[in-house]
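The values are calculated or read from the model by the stated rules, or taken from the named source; none is laboratory data. Predicted, not measured: the structure shown is a model, and the values here were computed from it. All Cβ positions, even for glycine, are placed from backbone atoms using ideal geometry, and neighbour counts span all protein chains on display. Quick note on the areas: whole protein, heavy atoms, side chains included, nothing else; ligands and nucleic acids left out. Shrake-Rupley method; radii C 1.70, N 1.55, O 1.52, S 1.80 Å.
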Amino acid sequence: MAFTNIRSFVEQLKQEQDIAIIDTPVDPYLEIAEIHRRVIAEQGPALLFTNVKGSPFPVATNLFGTLRRVDMSFGTKPEQFANQAIEAIHKLMPPTPKKLWDQRSMFFDLLKVGLKTVSPNQAPIMQVRKTDKPLEGLPALTSWQLDGGPFITLPLVYTEHPTLGSSDHNLGMYRIQIYDDHTTGVHWQIQKGGGFHYHEAEKLNQDFPVSVIVGGPPSLIASAIAPLPEKLPELLMASFMLGERLPVVDSGFGGHRIPAEADFVIQGFVPPHVRRPEGPFGDHYGYYSWVHDFPVLNVKQMYHRKDAIYPATIVGKPRQEDYFLGEYLVRLLSPAFPFVMPSVRKVHPYAETGVHSMAAAVVRESYSREALMSGFRILGEGQLSLTKFLFLTDQMVDLENFPQLLESVLARFKPESDLYVINNTSHDTLDYTGHKLNHGSKGIMLGVGEPVRELPHEYTEGVIEEIQDVAPYCGGCLVMSGASYEQEPELALRLMQRLADKGTEWPLVFLVDDAKTTVQSQLEFLWVVFTRFNPASDIYAASEVRQHHLSYKLPIVIDARMKPGYPDELIPREDIVELVDERWKQYFPNGLHGKG
């Protein structure tokens, strides 16, 4: 079943004993976040905090912190329908009356997609309206001690094109920093639809109306974070996932129709050409994003339902709750990739790297270099265009198993033709390895056709000067550590030269700060390696220019050490850790997995 609001989902979790009710007084400043992080690390239940300091509203977290709860919250029908729709497209070509009739159930399902306007007295969201200090008492969380303030971490920011109106709307998840009881920041990143709308309003020198929705049907959250094509309306996606028309109500503000079952809706105007420092913020890359100037929302009013529940999440080093949401969206949208990009069999962005840092794809190679064309297509497709490093293979490997993917690529990789580094491109706003906001480079590594080498699995090549630890990650890939970047910034270059002089059998080597811990798991390896290098500045290999192409020689050494200017890794504050240690049995008197 799909849930029409957060409360109905919480009630179902109570029935299934998959939510812990915490009545102990808790602080939205750091304490709730520390509890949440420990519970999600244990694959524990959802959490409902009923006694939050400074707020009359209960706070729900970890609602989507397991694959089971994600599947439960959205239901299985969206995934089934996505597969059915792609299959039907092939079966219907060319269309005939019989073929159309055979797919009638799918068309009947599509007839249910849409919006239905209800009156204000039928819309729970309209029950309470605050205009004086509208944000007062909202239990926004501060997750990390260096955060610039409290943030709304599951905000669904609704905007409309300033001239096209609701026919071109956007529902996106852009973090909202609360400055005071009537002002927030809006973190519109590049490649985001809400930011495009605001840009158009700025050109017209207009105040821009914004509605920030919190809570409501879980399908709203999924549609807001899904990398949908720019012109596909997110509210219709939410209706599709809900399996029925989405109830909306005219809020009387900026022409916005808002979800009738939302828990909170914050409304106000973003003035043109006004910016204010936003951040720092401990983000899903596992580091603090820095302070930057972003647009400002002047809040005029807040609606909330009488029985409102405030849903929140905490982000940080993967895996956090957003990891499981991302996995669901990959499953939901992956059937469409071969339809949109016919030469692409499968695409998998890796949530362990912060999503945009790295992706891999299985592609077709029916003629020479078709795989490279597929790579360019992927890097030109919506939010996939922010991918920093892309691996391509024509072997039908399990992309979730990264060692298998990497071995497939390395066994077939020809350095003279199969590595491309493209400088002066865009980076995700939260990726600071390019040393300038939104700027960086991209890398593409191909491994297609028949294997060209046997991959080594054990290191037997002896001591390497200046290297303390050597650890194989998988076949063909070594991880090494020595001095820090600050101590020896040229170490990666010297390492590449020494390995080349040895005639090493290892085609790919990563230089990191701690090799032993980096190879402990796929999660640790992907997070450490791909969040700490910029392809143009941190890939080292002997090369020569051949007809305007850089032709490389093995080995390829990538410097993935922490570097000056990188943001700090997220580490909980010690006194908060001790506080939660002391109070743990108060939160969970029956144990974490006992009845809450």
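What to note about this one:
- Gained length - Lys53 relative to Glu461, 0.36 nm times residue gap less alpha-carbon distance: 140.9 nm
- Heavy-atom SASA rank of His593, His356, His439, His256 (probe 1.4 Å, accessible area, largest first): His593, His439, His356, His256
- Sequence-distant residues sharing a close amide H with Lys300 (under 5 Å, placed H): Gln267, Gly268, Phe269
- A Förster radius of 41 Å combined with the Cβ-Cβ distance from Asp501 to Gln547 puts the calculated FRET efficiency at roughly 0.90.
- In the chain, the calculated helix contribution to ellipticity at 222 nm averages -8000 deg cm²/dmol per residue, counting -39,500 (n - 2.57) for every DSSP H run with n ≥ 4.
- Modelled spin labels at Gln206 and Arg129, positioned 7 Å past Cα toward Cβ, are 2.2 nm from each other.
- Share of carbon and sulfur in the accessible heavy-atom surface of segment 149-215 [1.4 Å probe, %]: 49
- Computed with a 1.4 Å probe over protein heavy atoms only, the accessible surface of segment 282-384 comes to 32 Å² per residue.
- Span-rule helices in the chain, defined as complete DSSP H runs reaching 15 Å or more along the axis (Cα) with Kyte mean at least -0.5: 31-41, 321-333, 402-412, 491-502
- Take the Cα of Gln43, step 7 Å toward its Cβ, do the same at Asp513, and the gap between the two points is 3.0 nm.
- Cut-off under 5 Å, modelled amide H: who pairs with Ile556 long-range: Leu508, Val509
- Residues in segment 280-296 carry Karplus couplings, in order, of x, 8, x, 9, 6, 6, x, 9, 7, 7, 7, 7, 9, 7, 9, x, 10 Hz; the curve used is 6.51 cos²θ - 1.76 cosθ + 1.60 with θ = phi - 60°, and Gly or Pro positions show x.
- Area accessible to solvent at Arg7, 1.4 Å probe radius, in Å²: 80
- Leu592/Glu244 FRET efficiency (R0 45 Å; Cβ-Cβ; nearest 0.05): 0.80
- In segment 373-432, the portion of solvent-accessible area held by carbon and sulfur atoms comes to 46 percent [1.4 Å probe, whole percent, DNA, RNA and ligands not counted].
- Ordering of 566-576, 498-508 by packing [mean C-beta count within 10 Å, highest first]: 498-508, 566-576
- Cβ crowding within 10 Å averaged over residues, with 545-555, 34-44 ranked highest first: 34-44, 545-555
- Extension gain, Ala483 back to Leu164 (0.36 nm per residue minus Cα-Cα distance, nm): 109.2 nm
- The modelled label-to-label distance between Asp581 and Gln122, using points 7 Å beyond Cα along the C-beta direction, is 5.6 nm.
- Accessible area per residue, Å², segment 485-556 with all protein chains present, probe 1.4 Å: 47
- Each listed q (0.05, 0.07 Å⁻¹) maps to a log10 I(q)/I(0) for the chain, found by the Debye formula over equal Cα scatterers with no solvent: -0.23, -0.46.
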